[in-house]
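Participant: Below is the structure I would like to discuss, written out as structure tokens.
All of the numbers you see were taken from the coordinates with simple rules; none came from a lab. Predicted model, so just to flag it, every value in this text is computed and none were measured. Positions of Cβ are generated from backbone atoms using ideal geometry, with glycine treated the same way; all protein chains shown enter the neighbour counts.
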Amino acid sequence: MLPLHHETHVALNAPVEAGFAYLDDFRQLSAHMEKSSGMMMGSKMTIEMDELGGRAVGSKVRMSGKMMGMALALDEVVTERQPPYRKAWDTIDAKLLVIGQYRLGFELFPRGAESAVRIFIDYDLPEKAPARWLGRLFGRAYARWCTGRMASDAAKHFADSNSRAELRPLQ
């Protein structure tokens, strides 16, 4: 079992079917990983998908890149997909700096014409030093950043251009 957990909740100005269609697309869901960011110390990852595009149980996704000259890579497999409500995927191999193996996913909840999403990550620290030490220092912040970016990107995607109220976290 993966001992560490973080989740982010946010309202979406869209029904669950539209929310699922957006979140089911790894290119959109993980777009923050393909952009240079402070959390990635200015680095970014490249996303590759199999012919199923990450949209079926058993589908595989690979991300790779470099951070401060060190190679980073992870392979994920979709382990659960229940349209339009739930999807999850697990790492099958991870060479990361601040987290080790993880299970990442989302759940959508109908709220009339809108919906709410819970994006979660269950994770472990890397097995070996010095990455394990870095994980103790930065793993929680990374988990919060990752789920937060996915949630805020989805909320922004569905936000009414006249109102930013949809960016509110759920209470």
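Participant: Read phi for every residue in segment 77-85 and hand back ³J(HN,Hα) as whole Hz from Karplus 6.51 cos²θ - 1.76 cosθ + 1.60, θ = phi - 60°, with x for Gly and Pro.
Facilitator: 9, 6, 10, 8, 8, 10, x, x, 10
Participant: As a footprinting exposure proxy, order MET45, MET67 by other Cβ within 10 Å, with the fewest listed first.
Facilitator: Details: MET45 19, MET67 15.
Sorted ascending by nearby Cβ count, the order is MET67, MET45.
Participant: Extension gain GLU51-ARG140, at 0.36 nm per residue separation less the Cα-Cα distance, in nm?
Facilitator: Numbers: separation 89, 0.36 × 89 = 32.04 nm, distance 3.28 nm.
Answer, rounded to one decimal: 28.8 nm.
Participant: List the residues whose amide H sits under 5 Å from the amide H of ILE92, counting only those 5 or more places along or on another chain, with H placed 1.01 Å from N in the peptide plane.
Facilitator: ASP75, GLU76, VAL77
Participant: Would you kindly derive the ³J(HN,Hα) couplings of segment 47-64 from the backbone phi angles with the Karplus curve 6.51 cos²θ - 1.76 cosθ + 1.60 (θ = phi - 60°), listing them in order in whole Hz, with x for Gly and Pro?
Facilitator: Going residue by residue, I get 10, 10, 10, 6, 5, 7, x, x, 10, 7, 4, x, 5, 10, 10, 10, 10, 8 Hz, with x marking Gly and Pro.
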